[in-house]
Structures are given as structure tokens and as C-alpha cells.
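Enquirer: Here it is: the structure, laid out below.
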Amino acid sequence: MDQFLAFTVVGLSTAAVYAVIGSGLVLTHTTAGVFNFAHGAAGMLAAFAYWQLSVGWGWPVLRSLAVVLLVLAPAFGLLVERVLMRPVQALGEAERLVMTVALLTGCIALARWVWDPNTPRPLAPFFADRPAIRIGPTAITWHQAIIMAVAVAVAAWLWFLLHRTRSGTEMRACVDDRPLARLTGADPLRAGRLAWVLGIQLAAVGGILIAPTVALDAQQLSLLIVSAYTAAVFGRLRSLPLTFVGAIVVGLLEAYLAGYLPQNDYLPGVRLAAPALLLLLALLVFPHRRLRGRDRTLVRVPLPSRRGALVFAGGVVVLALALVTVLTEDAIVSYGTVFSLGVIALSYVPLAGYAGQVSLCQLSIAGIGAVAWGHLGAHGELWALPVAMLIAAAVGALIAVPALRLSGIYLALGTAAFAVILDRWIFTLPAFDVLGVRIALFDQGSVTVAGPDLFGLHLTTPAQVTVFAAGCLALASLAVAALRRGRLGRRLIALRDSETAYATLGGRLLGARTAVFALSAAIAGLGGALYGMQLQTVTAEQFNLVAGLPVFLLAVIGGLGAVGTGLFTGLAFVLPAQLLDGLGSWAHDLTALLVALAGMGLARNPSGVLSGMRAEWAPLARERLSLAALLGVLAVCWLLAALGAADGWLLLAVAVAAAVTLRTRAAARQAPPADIPPEWWGVRRPWRPEDREVLNRATAAR
């Protein structure tokens, strides 16, 4: 009994932290309409800042707390609201979700860049030198007592704020109906600003309180938010009392699993994955209309031509051949992952770009493909590659089951929970037997991955594997382009535009979603297998949730509806990291920070940068003479680089300068005259978004 009470106290103290963090999450979502994936990262930054002030610089504890909670946290909340979230407030739910994912990635990268993750930073609990408070046979530390008292105080303060103050009434009014609240004199911007400040402050309080009980690690502290997610979903993202109840359930479950879970090789990961399992269960069980809510800004999906798709696929293979002929073997290993990561990123196009289904577990599914190929194709058996894709597709079809009930941020939450379950539990399992079949994953270590045996030719060198990966990316891109042009692609876009209309016209939601999840998972599994072939050895850490966020962000930046997103993501992910690698070990964090900053610029171009790049370079493609001249310059530069006759960076600069010059001249020659009559708009010059408003005003004036 004494042990049970001790675990109960630990669980309640942990639950109190989850309740504080979860209440801030609910407050931000209900008032500002944004589910903040970076909520835990804000608490993580607050914990690091508190350590820096109190331990690193030796400031008094009270002064450090005051600076963090009353100065830094409100300033960070105001910065996020004004600079990041206000520009995307008018966009859809998916765009706001991407912004918070970018903020999460940026916060983790910033913390790892500023504070070396290899240096331990212990943080002492509050009043650690005082004896514990004894209540019968149970001992409660002063830190645990403070945590529980803070949770009770936060609950009382939030109730008073929301129900007994004008600001709270204004916040609740803006949740129900913003335009109506504005007519009554309320200020939605002020309410949203206050909600962000209070939400970040609550995250900071939770981060500081829990930091002494766990390692001060950027990734670990940021992912503690999964438990707060679960508590918030218990409260259905709007009820603070139910959020506190959910926090108690999660905290006690973690404590009891830590104390009473049987000790063997298969169950320790269950305790670590328990919050994610509970989150997934809550999403599936709790019926609520908001779980089906959807707020989406539709973006036109480009229709690739057959000729354009073939030219792009050929360009991918030519790029791979150029790389393997001018780079050293070590450089090929580093840069060759452009194509395998491109295949993984391409899996987002049919799933998120065509069907509108947000998934944060594509890299985890790629890990399944890598493991399946590593074990089944240990000697390069080519048949193992489609089998690995089928295994990944089966996992994707399994994920499609909750996708029938969820959409938007809730589907993102479900797929994120699935990625955490894979990372913390499934990938850590040792080999086991199911119906006499031996199943092995990472087997608590790493997996050696061999190259394929292609019709008697065993691909072992990095150059051979890189060209093979480029060929797979080219074929996968052609398949995705054909999907967009076909009947299934039109059905998926109709599903994205309106699920209700799709079902009314006879479409089968479960069948369509299962098909697109399985297809995208198969593509991700192929990319994972190729990624493993190029690295030759893979571990579970390479396929976790945090590692997949930059890939997702880059795919969004490129444009989820564009077939070229795969290659763009691979180039944008690999090239900066390799170019900055010589600066030091922190270069990787700097690259992730740059990716996050680029993702935060989503509001300027929600459709992605590839559509704009295609429009800018279209004049060059229409002039055959200029295009032939550019191809000639590129061929000469490649030949000189392959022969070692000139410096590679100089040749790259010459090629870029030639391309920009020829494009500029072609655009100038094809520029339409400024004074085109309105009846020729869209014929003699491209149609512009502002043209519709101009014509409406002209017709209304008449």
C-alpha cells in the first residue's frame, strides 16, 4: 500500500504539470483558433532560460523566475502572435498547423544550437534541502507540493479570468463568433494577443516545474507535450475541467506503469509510449463535432503534362549521373541522399496535396520500409523491395481507419501519436515470433542494409546506389503525375475539396482514404529502403517524429500539389546541411533552424514556391534557342568538372549566372505590352488574381 501511495503522489505531481501545460494549450486553441504544436517547445525554451539565469549566471531563483515568466514568456507570446500567427489567421486550419510545426522545429533547433546537447545541465528541485512533508506513510517533497499547489492556483485563476473579468468575457465571445463579438465592442486581436501571452506563460510554468525531474534536453522536453495533448483532447480542446481530469488520468497511468509494469524486453517501451497510446485512443473514442471540424483554404493543384513529367524524370536521372561523375565517393554518400529523401517527400503529394490528409508519420513509415528491406533483402534480392513497399502500404492502410473520423489538426495529432508509438515502443522491440514467423525490427540496435541485385548486377558502390535511387525517384514522380491526370487523382481532389459532396455523389470515403494512405505509405517505404541502401546502416533515431518534421516542412514549402516537391525537398534538405557541415557540429541545428524559418514564411505563398519558380522560368523554356544555349553551357561545365580542369564552385557560379541571364532576357522579350484591353486579359497576358476585382468594379459602375 505504501508503494501504491508513493506512485500516486508521483503521478499526481506529474499530472499537475500536464494540467498546467494542457490548460494553456486549450486556452490558445479556444480563443485564437490555433492548435499550437510548439506549446511544449515554448516550455522547453523557458526551462533552458531559467537554467541559464539561475545556474549558468548565478542569479537568485526568484529573480530568474520573474524574468522568465513576466518578461521573456510574454514577449515570446507577443512575437508569435504578431509575426507568425496573425498573417495566417485568415488562412485555413492546415496552414496554421504548418506554422506551429515550423515553430516547434525552430525552437528545438535554436535550443540545441545555443545550449550544447552533449553538456549535462542538472536543475535542482525547489526547496531540495528541506525534509519531505509526511502525510501518514507517504512522503511528499516540497517540489511536488509546489507543483500541485500551482496547478490548483492556475485552475482557480483561469476560472476567475474567464468568468469574472471583462477580458475573459471578451475572449469567450471571440471563440463563439468573432464578427458578432466585434460588433458588440470586443477586440478579437486583443483577445488573441492575451490568449497567446497567457498560453505561453502557462507553458513556461509547466516547463520550469517539470525540468528538475527529467533531463534538460530540447527534444525530450518538447515531446512532453504529447501528454498535454492527451489531456487537452480529454477536454475536447475547450473544457478546462475535463483537461485537468485527462491530465490526472495520464499522470497516474504513467506512474503506475513505471511501478507495476512487468520487467521484460517487450514492455518497457509501453510506459514511454503510454501518452501517445492514450492520445490515439481518445481521438478514436471521444465523439465530438469539433473532431470532425474543418477549416481549409483550397489551393489549386497543378496538372502536370505528360511531356513535362517525362522531361522532369529525365532531368532527375541526368542530375544523378552528373553528380556521380564529378563528386568523390565520400561526397556521393553525403549528397546522394537527395534522391531517397526526395522519394519520402514525394509521398506527401498524393496524401496531403491531392487528398488533403495531413500526416506527420511519413518518415516513421519510411523506417518500416528500411527495416523490411534490410531483413528481407539482406543479400540484395530485388523481390524484397516491392515486398517492403507492400508492408509499408499495409501500415498506411491501418492508419486510414482513424482517418475516416478525423481531419485537420486531429488527423495530424493521430499520425504524430502513431509516430511516437513507433519510435518509443515498436522500434525498440527485440525480435519476436508471430504464428511461427520471425519478425525483427531494429532489434534494439542498428540494421545493416545492402544494395539491390539488379538483374545480376549487384549495386554496391555509392555511385551505383545513387543512380538507382534517382531512377526510382523518376519512376515514382511519373506515377504520381499519372495519378494526378487519372480518374483516381480527380476523385482525391474532390475528396479534399468537400467530403460531404464526395460522399453525396456516390464516393466511398473509406475506400478512397485507405487507397491514398496505402499508396503514400508504399512510396515512403520505397524511400526508406533507398535511404537505408545509401547509408548502409540505419537506426531507429533516424526515423523518429522530430527527424521527420523538417522533411514535412520542406515539402509544404515546395508545394504539396507539385510533382517536383520530392526533388526540391531532397535538395533543400541535403545541400545546406552539407555546405554548412564544415562550420562545426552545430551546423545541423542551424540547417533545421533555417528550414523552420522558411516554413514560417508560408503566409506569403501558401501554394508553395515551385509554382512561382515554374512561372518565372517558363519564358526560358519557350525559347528553344536560349534553352539550347543553357544546356550547352551546363554540358561544358559538367565536362570540365569531370575532367578536373576547373574548380567546381567556379563552374557552378558560371552555370547559375548563365541560367539567370538567359531567363531574364527571355522574360524581357516575352513581356506583354502594358496597355492590353480587358477583353484580351488571359489571352495576350496571363490572368491575374486582381483582374476579377477590377472587372467586378467596372461592371458594377455601369
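The values are calculated or read from the model by the stated rules, or taken from the named source; none is laboratory data. These figures come from a predicted structure and were not determined experimentally. All Cβ positions, glycine included, derive from the backbone under ideal geometry; neighbour counts span all protein chains shown. Calculation scope for accessible area: heavy atoms of the full protein, side chains included, ligands and nucleic acids excluded. Shrake-Rupley method; radii C 1.70, N 1.55, O 1.52, S 1.80 Å.
Enquirer: Hey, can you tell me all the residues within the range 500-517 that are open to solvent by 20 Å² or more (accessible area, probe 1.4 Å) and either of a type in the set (Lys, Arg) or within 29 Å of Gly369 (Cβ to Cβ) (or both)?
Expert: Selection gives Arg508, Leu509, Leu510, Gly511, Thr514, Ala515.
Residues checked against (1) part of a loop (DSSP other than H, G, I, E, B); (2) in contact with a Pro (Cβ under 9 Å, 6 or more places away or on another chain):
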| position | (1), (2) |
| --- | --- |
| Pro302 | yes, no |
| Ser364 | no, no |
| Gly367 | no, no |
| Ala370 | no, no |
| His375 | no, no |
| Glu381 | yes, yes |
| Met389 | no, no |
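Enquirer: Checking the structure you have, find out if any residue of the range 568-585 is of a type in the set (D, E, K, R) and farther than 20 Å from Leu104 by Cα.
Expert: So far as the range 568-585 goes, yes, one or more of its residues are of a type in the set (D, E, K, R) and farther than 20 Å from Leu104 by Cα.
Enquirer: Continuing with the same structure: Listed residues Thr169, Thr141, Thr165; which is modelled with pLDDT of 85 or more and among the hydroxyl-bearing types (Ser, Thr, Tyr)?
Expert: Going through Thr169, Thr141, Thr165 in turn, just one is modelled with pLDDT of 85 or more and among the hydroxyl-bearing types (Ser, Thr, Tyr): Thr141.
Matching residues to (1) closer than 28 Å to Pro120 by Cα; (2) touching a Leu at 6+ places or on another chain (Cβ under 8 Å):
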site: Leu12; (1), (2): yes, yes
site: Val17; (1), (2): yes, yes
site: Tyr50; (1), (2): yes, yes
site: Val68; (1), (2): yes, yes
site: Ala75; (1), (2): yes, no
site: Arg82; (1), (2): no, no
site: Pro87; (1), (2): no, no
site: Val98; (1), (2): no, yes
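Enquirer: I need the full set of residues from the range 95-121 which are open to solvent by 10 Å² or more (accessible area, probe 1.4 Å), closer than 19 Å to Ile200 by Cβ and either over 13 Å from the mean Cα position of the chain (by Cα) or among the small types (Gly, Ala, Ser) (or both), in order please.
Expert: Across the range 95-121, the qualifying residues are Leu110, Val114.
Enquirer: Let me ask something else about it. So which pairs qualify, if the first residue must be in the range 367-389 and at positive phi, the second must be part of a helix (DSSP H, G or I) and open to solvent by less than 10 Å² (accessible area, probe 1.4 Å), the Cβ gap must be under 6 Å, and the two must be at least 6 apart or on different chains?
Expert: Hits for this filter: zero, empty list.
Enquirer: Between residues in the range 399-423 that are closer than 14 Å to Arg513 by Cα and in a helix (DSSP H, G or I) and residues that are open to solvent by less than 10 Å² (accessible area, probe 1.4 Å) and at pLDDT below 85, which pairs lie under 8 Å by C-beta distance while being six or more apart or on different chains?
Expert: Pro402/Leu283; Leu411/Ala403
Enquirer: Quick check on my filter: what residues within the range 47-61 are part of a helix (DSSP H, G or I), small (Gly, Ala, Ser) and open to solvent by 10 Å² or more (accessible area, probe 1.4 Å)? Even if it seems obvious, please write down each step before you answer.
Expert: If we filter the range 47-61 for residues that are part of a helix (DSSP H, G or I), which is where we start, we get 47-56, 61.
With small (Gly, Ala, Ser) added as a condition, the list becomes 47, 49, 54, 56.
Listed by number, the residues that qualify are Ala49, Ser54, Gly56.
Enquirer: I need the full set of residues from the range 32-41 which are part of a helix (DSSP H, G or I) and over 22 Å from Gly168 (Cβ atoms), in order please.
Expert: Passing the criteria: Gly40, Ala41.
Enquirer: Another question, if that's okay. Kindly provide the set of residues from the range 122-147 that are among the aliphatic types (A, V, I, L, M) and open to solvent by less than 40 Å² (accessible area, probe 1.4 Å), ordered by number.
Expert: Leu123, Ile140, Ala145, Ile147, listed by residue number.
Enquirer: Is there a residue in the range 444-457 that is in contact with a Leu (Cβ under 7 Å, 6 or more places away or on another chain) and open to solvent by 50 Å² or more (accessible area, probe 1.4 Å)?
Expert: Yes, the conditions are met somewhere in the range 444-457.
Enquirer: In addition: Can you tell me which residue among Leu483, Leu473, Leu495 is open to solvent by 20 Å² or more (accessible area, probe 1.4 Å) and part of a helix (DSSP H, G or I)? Even if it seems obvious, please write down each step before you answer.
Expert: Details: Leu473 fails: open to solvent by 20 Å² or more (accessible area, probe 1.4 Å); Leu495 fails: open to solvent by 20 Å² or more (accessible area, probe 1.4 Å).
Checking each option against the conditions leaves just Leu483.
Enquirer: Please indicate, with yes or no, whether at least one residue in the range 215-235 is over 17 Å from Gly24 (Cα atoms), assigned to a helix (DSSP H, G or I) and open to solvent by less than 10 Å² (accessible area, probe 1.4 Å).
Expert: Yes, there is a match, as at least one residue in the range 215-235 is over 17 Å from Gly24 (Cα atoms), assigned to a helix (DSSP H, G or I) and open to solvent by less than 10 Å² (accessible area, probe 1.4 Å).
Enquirer: I've got another one for you. Going through Leu341, Leu298, Leu291, Leu279 one at a time, which residue ends up being within 25 Å of Thr500 (Cα to Cα), of a type in the set (A, V, I, L, M, F, W, C) and either modelled with pLDDT of 90 or more or surrounded by 18 or more Cβ atoms within 10 Å (Cβ to Cβ) (or both)?
Expert: Testing whether each residue is within 25 Å of Thr500 (Cα to Cα), of a type in the set (A, V, I, L, M, F, W, C) and either modelled with pLDDT of 90 or more or surrounded by 18 or more Cβ atoms within 10 Å (Cβ to Cβ) (or both) leaves just Leu291.
Enquirer: List every residue pair whose Cβ atoms sit under 8 Å apart, with the two residues 6 or more apart in sequence or on different chains, where the first one lies in the range 346-366 and is within 14 Å of Thr514 (Cα to Cα) and the second, anywhere, is aromatic (Phe, Trp, Tyr) and crowded, with 24+ Cβ neighbours inside 10 Å.
Expert: That search, which allows pairs on different chains as well, returns Leu351/Phe517; Gln357/Phe517; Ser359/Tyr348; Ser359/Phe517.
Enquirer: Which numbered condition in (1) outside any helix (DSSP H, G or I); (2) within 20 Å of Ala218 (Cα to Cα) is the only one that Leu69 fails?
Expert: In the conditions (1) outside any helix (DSSP H, G or I); (2) within 20 Å of Ala218 (Cα to Cα), Leu69 misses (1) alone.
Enquirer: Something else now. Only one residue in Arg485, Arg513 is of a type in the set (D, E, K, R) and under 24 Å from the mean Cα position of the chain (by Cα). Which one?
Expert: Arg513
Enquirer: Restricting the search to the range 309-330, which residues are open to solvent by less than 60 Å² (accessible area, probe 1.4 Å) and either free of Cβ contacts under 8 Å to residues at least 12 places away in the same chain or outside any helix (DSSP H, G or I) (or both)?
Expert: Listed by number, the residues that qualify are Gly315, Leu327.
Enquirer: Now a separate question. Could you check the range 1-37 and list, in sequence order, the residues that are among the aromatic types (Phe, Trp, Tyr) and either buried (at least 21 other Cβ atoms within 10 Å of the Cβ) or within 20 Å of Ser239 (Cα to Cα) (or both)?
Expert: Tyr18, Phe35, Phe37
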